[in-house]
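One structure is given below, encoded as structure tokens.
Bear in mind that the values in this text are calculations on the coordinates, not laboratory data. Not measured: the values here are computed from a predicted model. Here the Cβ is made from the backbone with ideal geometry for all residues, glycine too, and neighbour counts use every protein chain on show.
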Amino acid sequence: MASISAISVLLFLTFSASLSAALSASVIEDLRNLKPPHDFNSTITKNCHHNPSLRYCSSLPMDLDEIFKSTIVASHLCNESKNPNCIESFPKIDLQNRPMITPLYLSFNFFWKYCPLSILTIDLSNSSLDSNFPIDVLQCTQIQALDMSHNDLYGDVPIESFSPLTNLTSLNLSYNHFSESKISDALFFKRFNSSSFLHSGLLPDKKKFRIKAVILLVGFPIFVILMVCCLGWLCFRRPDFLPRMLRRKHRFTPAMLKAATNGFSKRNLKGKSEAVDIYKGTLRDGTDVRIEIYRGENHPNLIEECKVLVQLCHKNLVSILGWCNNRRLRAIVTEWMEGESVEMWLLEANSTPWNHRLKILMGVVEGICYLQEEWPEVGYDLRTSSILLSNNLEPRISRFKVGDQSSRKMYKFGVLLLEMLVNRRPQEDFETGEAGFLEYIRMHYPENLQKVMDKKLATQDTFDQAKQAIGLGLMCTDIPSNQQLGLGQVFDIISRAYQSCRVLASHNRERLHAERGKGHKRIQSR
């Protein structure tokens, strides 16, 4: 370096002593407040005249404050290197194993800006640096060796900033934590071998790479197998866990029905016969369902029938949700009806007025009309035990048979109509079944209907309508005379009776309301 004025040397010695005594933020503050002597400008001018290659000589306009501070820091670094020719030659910045002082020097960005051209080596290794790459160091473009190994540097290495360092032949960035990058693609780094980047994060760790390769080659197939097994289990056992678009519509598995019924618990068993067990279940989406499980070889055409029945859609038909056809379990799944059957309603209800019975008959006829028009191949069972009631007495036909082209459909409706008026069970109360039941009614029709009619109807003022309904039922069941009514005729008759009954009920309510009002006025007048 060029000679420095006596005042500058004196200031340097003073600052050097203070810097060695306390390496803290106050040192930086003191240096920031330090001003060059009055003759520093002339000294710099002489230095540039004597040695024009000095870095600060090429910077115009010159910042004397920064040059002065840089000179002091350079002098102190020169002194730290214990070089006997320090004043004239400053070849190396040696801060190896100096964790306390190295970060301080790196903070003097003005020094690296005016880094003396005599510096050829920078050693900052093993100094516990914990930051991004100190890019200011690369302003010393003339250096031949740079060692920043054994630190905790992280982030990206500024590869572009290395380009001006054309004299750099020795580089060591090993044992850091840089972000992994393909440095082999950078032309500048091709002059260095992998020993310059050991465990730096810049090159893939072969051991880690082998571990990743093993995990990929072994773990990925295992993961795929597990996923396939899991999806297979979901598809074949619990498809209700799959998105709706991936499920097989209307298909239920034994595992789904077992989960819905808590393992087919006795608490969920609602009915049992020789051929069928009836359970109440709750599907995974919260839908309550009725599950009819068929034992043995009963219901051999289950699937074919269900494929048709799931398409039925009417307010007076129980919705068929799907089926289960497994070698261990065969079942039909329908919506759950909280109400009771017509049979139970007639037996247990304290009051079963004629207008309510008409409402039920009207709903049944509407359901039959829908089936006749849209699905003529679907037959139905119209016994009072197979017609379910909602809470508002809306009837639902619950039993069907696909392929039933029988001409006895109106006969079935006639039997149902008579059952609801007589309130007796043909199969249970008569030895000869329906034939004995019908014969019993014909014996007393029309003169002695009080004996056969349900006593809950016999005392009501709707007796005449009930009598006409019994006549309608007998006509529907009179197959030998070949005078059965058509479905359209039955619909018209039931519809007129139902509307007439509603009008009569409305008039009765108005009359009762008026009588209550008159009674209230008489009480007030008293």
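With the simple spin-label model, which puts each label point 7 Å out from Cα in the Cβ direction, the N33 to I303 separation comes to 9.5 nm.
Of all aspartates and glutamates in the structure, the ones whose alpha carbon falls short of 19 Å from that of K258, not counting any fewer than 8 places away in one chain, are D240, D277, D285, D288, E292, E335.
Put a dot 7 Å past the Cα of D130, heading toward its Cβ, do the same for R267, and the two dots end up 5.9 nm apart. Cross-link pairs exceeding 26 Å between alpha carbons, from the set K266/K412; K82/K113; K272/K409; K272/K359: K266/K412; K272/K409; K272/K359. Computed over the alpha-carbon atoms, the stretch 342-511 gives an Rg to Rh ratio of 0.94, Rh here being the Kirkwood radius from the mean inverse distance.
Hey, can you grab everything whose amide H is under 5 Å from the amide H of R399? Only 5+ residues off in sequence or another chain; H modelled, so Pro and N-termini drop out. It is D381, by chain and number. Count Lys and Arg as plus one, Asp and Glu as minus one, and take only other residues whose Cβ is under 15 Å from that of C140; the net charge is then -1. Excluding same-chain neighbours fewer than eight residues apart, the lysines reachable from K212 by a Cα-Cα span under 25 Å are K182.
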